[in-house]
1. Only one of (1) closer than 30 Å to L64 by Cα; (2) outside any loop (DSSP other than H, G, I, E, B); (3) modelled with pLDDT under 75 is not met by P294, so which one is it?
2. Exactly one of (1) part of a helix (DSSP H, G or I); (2) modelled with pLDDT of 80 or more; (3) under 12 Å from the mean Cα position of the chain (by Cα) is unmet by L255. Its number?
3. Suppose the filter is modelled with pLDDT under 85, of a type in the set (D, E, K, R) and closer than 25 Å to L114 by Cβ; does R156 pass it?
4. Of all residues in the stretch 120-132, which are surrounded by 14 or more Cβ atoms within 10 Å (Cβ to Cβ) and either over 18 Å from T58 (Cβ atoms) or touching a Gly at 6+ places or on another chain (Cβ under 8 Å) (or both)?
5. Does Y190 satisfy the criteria of being within 25 Å of L64 (Cα to Cα) and at pLDDT below 85?
6. So is L207 among the aliphatic types (A, V, I, L, M), modelled with pLDDT of 70 or more and within 15 Å of C141 (Cα to Cα) or not?
7. So T115 passes all but one of these: (1) free of Cβ contacts under 8 Å to residues at least 60 places away in the same chain; (2) buried (at least 17 other Cβ atoms within 10 Å of the Cβ). Which condition number does it fail?
8. Identify all residues within the stretch 317-337 that are at pLDDT below 85 and among the charged types (D, E, K, R); write none if there are none.
Amino acid sequence: MARFTCISGCGITSGDRVPTEFQYDKLLVDLYAGCTDRQGMSGFMRALGELTGSHITTLVHADLDNPSASSLLTIGAGPNEILSWSEHAGDNPWMQRYLPEIHAGGVCNGDAYLTRKELLASLYYDGFLRHIDTQHSLGICAAHEQSRAAFLMLCRSGRAGAYEEDCLQLFQRLAPHLVNAFALQAQFEYVDAQAVKLAYRQRGLFLLDAAWNWIGGNDAAEDIVAAGWWRGRRGTRLLAAHPATRSAWQALQRLAGQGGMPLQVIPVHDPVGQLVAFASVHQHSANAIGKQMPRYAMFVRPLKPAPLEPLASHLRQLFALTGAESSLVLALRVHGDMLLASKALGIAGSSARTRLQSIYEKTGMHRQADLMMMIDALAETVA
C-alpha cells in the first residue's frame with residue numbers, strides 16, 4: 001500500500017498561465033526550501049497548481065518495480081483517492097509509455113503519450129482517474145536511478161482542457177531546478193546519515209538501501225558481523241545468524257514491502273541462541289533514490305552485562321515488582337524467549353504470562369521488546 005501525505009486542496013485560478021518574475025522567484029524559493037522543509041515543498045506545489053490551473057499536484061517517490069509501494073505528497077486529493085491510486089498504480093498507461101525514455105529533468109505531457117480515446121478506455125482511467133475527475137497530466141522526472149524515481153505531477157479535468165504551451169515552457173524552465181533540489185536533498189540526507197554514525201558510535205549502525213543491502217554504517221556494525229550475529233558484507237543483504245532473529249528480520253522486510261513500516265524492535269541472538277542485543281529498525285528516508293542512498297537504518301544495541309542482584313533490586317524499587325516478577329524479567333533478558341525463561345525458572349507458561357502482564361502494567365510497557373530495551377538501559381546504570 002502506498003504511503004501518502006494529503007494537504008488541503010488548492011484553489012484554481014483562471015487566466016494567464018505565465019507567472020510573473022516575482023511569482024517564478026517565489027516558486028524557486030519554496031522549491032529549494034523544500035529540500036529540508038516539507039512546508040516549503042507544499043508551498044511550491046500549491047502555488048504551481050494555482051498557476052497552471054491544476055486541481056491536483058502530486059510529488060511521487062516511485063518504486064518502478066512495485067508501484068503500489070511508492071510514496072506521495074499530494075495537494076487536492078484525499079486519503080480515499082490516494083488509497084485507490086495505490087491499487088491501480090501499476091495500470092498507469094502514461095507511465096508505461098513514458099518509462100522507456102525516463103530521465104532526470106525530462107518533462108512528460110500525458111497528452112503526447114496517449115490519445116484521449118486510449119485514456120478513457122484504460123483500466124487506470126476507469127478504476128482511478130475517473131473518480132478524481134482527471135484526463136490530463138503534466139510531469140517532471142526529478143530523479144531517476146535503477147528502479148527508483150521521483151516525479152512532480154499535475155492533473156487537470158477534461159473540462160479544464162489540455163495543458164497550454166505556456167505551462168509546458170514553465171515546466172521546461174523548472175525542470176533543472178527540480179533536479180538540483182532533489183540532488184541537494186540527497187546530499188542533506190547523506191550528511192544526516194554521517195551525523196547519525198557519529199552519534200551512535202557505541203551501537204552498531206547499519207545503513208540499508210531500498211533493497212535491504214548493507215551500504216554503510218559504523219565500526220561497531222563491522223564488529224557485530226565479525227562476532228557472527230549477522231552474516232554478510234557491504235553491498236549485500238544481511239542474514240541473521242540465528243533462526244529466531246532471521247524470522248523476525250524477514251517479517252519486518254515483508255511489512256516494509258507492503259508500503260509502510262513504523263519503528264520496529266527485534267531481538268538479536270548469537271549463533272547458539274543466546275540473546276545478545278536488540279535491534280531497532282526505522283525508515284531513514286522514504287525518498288531515497290540511488291543505490292548508495294540509505295532507505296533504512298538499523299541500530300543494534302548489545303546487552304550490557306550487569307550484576308543481576310543490583311538490577312533486580314532496582315526493578316523492585318522503581319516499579320514495585322515482586323521477587324517473582326523481577327526474576328522473570330531477568331530470565332527474559334538472559335534467554336530472550338518466554339518459553340526458555342519459564343523453563344529456566346521452573347514455572348508453567350501460563351504463570352509466566354500472568355506475571356508478564358503484571359510487569360507490563362507496573363512498568364508501562366506493552367511489548368516484550370520494549371520491556372527489554374528499557375531493562376537494558378537500566379542495566380547501564382548499575383553495570
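The values are calculated or read from the model by the stated rules, or taken from the named source; none is laboratory data. All of these numbers come straight from a predicted model, not from anything done at the bench. Please note: Cβ atoms are built from the backbone with ideal geometry, for glycine as well, and neighbour counts cover all protein chains shown.
1. It is condition (2) that P294 fails.
2. (2)
3. Considered against the rule, which asks whether it is modelled with pLDDT under 85, of a type in the set (D, E, K, R) and closer than 25 Å to L114 by Cβ, R156 comes out as no.
4. Passing the criteria: L120, S122.
5. Yes; evaluated as a whole, the condition is true for this residue.
6. For L207, the condition - among the aliphatic types (A, V, I, L, M), modelled with pLDDT of 70 or more and within 15 Å of C141 (Cα to Cα) - is not met.
7. (2)
8. Residues satisfying the conditions are R333, D337.
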